[in-house]
Structure formats: C-alpha cells, structure tokens
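Enquirer: Dropping a structure here in structure tokens format, bear with me for questions.
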Amino acid sequence: MSRTSARKVLIIMSAEHDPRYMGSSGHPIVQTPHLDRVAARGVRFANAQTPSPICVPGRAAFATGQRVFLTRHSGNASLYTGTPSGWGHALQL
C-alpha cells in the first residue's frame, strides 16, 4: 500500500467514562457533538470492557492484544514503553 492510500486510525480511550453519557448513546441531557460526529463516521465499541481496572495494565493489554499478566504491567508504577511491542508497532511498517 502506498503512503497516499494509507488509512488513518483514531482511537479515543477515556478513563472512567460511562458510555451512556454521550449524545450518540441517546442521553437526553449530555451533549457531546464532537464525539458524536466522530462516532457517526467510524466504529463505536459501546460494549467494550477493560482487561484491568488500572490504567497502565489495561492500556498495555489493549496495545499488545495480550492478557495483563503477559505484559508484566501490574500497576501504574510500571509504564508501558512499547515492550512488549503491539499493533502500534505493526502499523508503522
């Protein structure tokens, strides 16, 4: 694939965000026009769940596609620095 035909990927992950509190989810009061516009043009995973309630292990697992114990990130004190490598590395090829 040439660089001119490359696809763009945007992933928005919010911490402690209840997906019901977005306009695109049909909330009667909360207004999120920018997120609604992004959701309308892409794929929205309304029922996704985190593999860990702690930020770094959950995001490392998401980035690598591995279970939390395999990434060796058990808490927020160990930063995910790209090891083990994940899909972000594969997209750069």
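The values are calculated or read from the model by the stated rules, or taken from the named source; none is laboratory data. Computed from a predicted structure; not experimentally measured. Please note: Cβ atoms are built from the backbone with ideal geometry, for glycine as well, and neighbour counts cover all protein chains shown. Only protein heavy atoms, including side chains, enter the accessible area calculation; ligands, DNA and RNA are left aside. Shrake-Rupley method; radii C 1.70, N 1.55, O 1.52, S 1.80 Å.
Enquirer: Output the qualifying pairs, or none if there are none: Cβ atoms under 6 angstrom, residues six or more apart or on different chains, first residue in the stretch 15-29 and on the phi > 0 side of the Ramachandran plot, second residue open to solvent by 100 Å² or more (accessible area, probe 1.4 Å) and assigned to a loop (DSSP other than H, G, I, E, B).
Expert: Once the first residue is on the phi > 0 side of the Ramachandran plot and sits in the stretch 15-29, no partner that is open to solvent by 100 Å² or more (accessible area, probe 1.4 Å) and assigned to a loop (DSSP other than H, G, I, E, B) comes close enough.
Enquirer: Restricting attention to the stretch 31-69, report how many residues are assigned to a loop (DSSP other than H, G, I, E, B) and either open to solvent by 50 Å² or more (accessible area, probe 1.4 Å) or acidic (Asp, Glu) (or both).
Expert: The qualifying residues number 14.
Enquirer: Provide a single number: the residues in the stretch 73-82 that are over 26 Å from Asp18 (Cβ atoms) and surrounded by 13 or more Cβ atoms within 10 Å (Cβ to Cβ).
Expert: The total comes to 1.
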